[in-house]
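Participant: Take a look at this one; I'll ask things after.
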Amino acid sequence: MKIWALLSAAFAGWVEIVRGEADWRRHFVITMPGLVTALVLFLVFAFLSVVVASTSVGIPTLSGFIAVMLVQALGIAALVIGLYATRMMVPTEAKLLDALVPGVYLLVLYIILGTILSLFGGAVLLLLWAIMAVLLYRLGRMAAGWSLGVSVGFALLPLVLLVGMPLTLYMLTGPTAAPAA
């Protein structure tokens, strides 16, 4: 199954990113088609998370479903904003795709784990956010070659956006746009 192979390769790549191994890129298809594939996988798992969440809160209307999918897509926006903002402040020779493709796979993991953990209670999500911060830090160090301080800043920016944007939208619009993960 191709999806399983892609997810397995991405997991192996992330293990190498965390370990600091130099050839972690071989596990990812770091091209535009590879990015599109990662984005499609993200959308598939975002859809599945909406389905799982609807089992406990009811099936959303079409507009509610679109709103929840847009909220899920804010994770991609948070990653892109974090990468661009950090690159504007601290230029690097690394290509944006080097960080973007593994970053999207990280967001797929975030959706999967967030959906599972949200079934047990919201307090467990704090652990997931801490893990995400560490993984984003490692991504900044390995993919962009940023220093320790810049990588910490990069890790915090997408995380704040990833957590803050859906919560802000939820407060503004009510439960229609509630985050599924």
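The values are calculated or read from the model by the stated rules, or taken from the named source; none is laboratory data. Remember, it's a predicted structure, so these values are computed and weren't measured experimentally. Note that we place each Cβ from the backbone using ideal geometry, even for glycine, and neighbour counts take in every protein chain shown. Note: accessible area is taken over every heavy atom of the protein model, side chains too, but ligands, DNA and RNA are not part of it. Shrake-Rupley method; radii C 1.70, N 1.55, O 1.52, S 1.80 Å.
Participant: When the stretch 94-141 is examined, which residues are found to be buried (at least 20 other Cβ atoms within 10 Å of the Cβ) and farther than 24 Å from Thr37 by Cα?
Facilitator: Selection gives nothing.
Participant: Quick test for you: out of Ala73, Ala9, pick the one residue that is open to solvent by 20 Å² or more (accessible area, probe 1.4 Å), touching a His at 6+ places or on another chain (Cβ under 6 Å) and of a type in the set (Gly, Ala, Ser).
Facilitator: On the way: Ala73 fails: touching a His at 6+ places or on another chain (Cβ under 6 Å).
Result: Ala9 is the single residue among Ala73, Ala9 that is open to solvent by 20 Å² or more (accessible area, probe 1.4 Å), touching a His at 6+ places or on another chain (Cβ under 6 Å) and of a type in the set (Gly, Ala, Ser).
Participant: Next question. Name the single residue, out of those in the stretch 18-38 being in contact (Cβ under 8 Å) with a residue 12 or more places away in the chain and not in a helix (DSSP H, G or I), that is farthest from Leu97 (Cα to Cα).
Facilitator: Gly20
Participant: Anything in the stretch 13-49 that is more than 16 Å from the chain's Cα centre (by Cα) and open to solvent by less than 30 Å² (accessible area, probe 1.4 Å)? List them, or say none.
Facilitator: The answer is Glu16, Trp24.
Participant: A further question on this structure: Considering (1) part of a helix (DSSP H, G or I); (2) within 28 Å of Arg26 (Cβ to Cβ), say which one Trp146 fails and leave the rest.
Facilitator: Going through the list (1) part of a helix (DSSP H, G or I); (2) within 28 Å of Arg26 (Cβ to Cβ), Trp146 breaks only (1).
Participant: Also: Just a yes or no: is a residue in the stretch 54-66 under 30 Å from Lys95 (Cβ atoms) and either part of a loop (DSSP other than H, G, I, E, B) or of a type in the set (Gly, Ala, Ser) (or both)?
Facilitator: No: the stretch 54-66 contains no residue that is under 30 Å from Lys95 (Cβ atoms) and either part of a loop (DSSP other than H, G, I, E, B) or of a type in the set (Gly, Ala, Ser) (or both).
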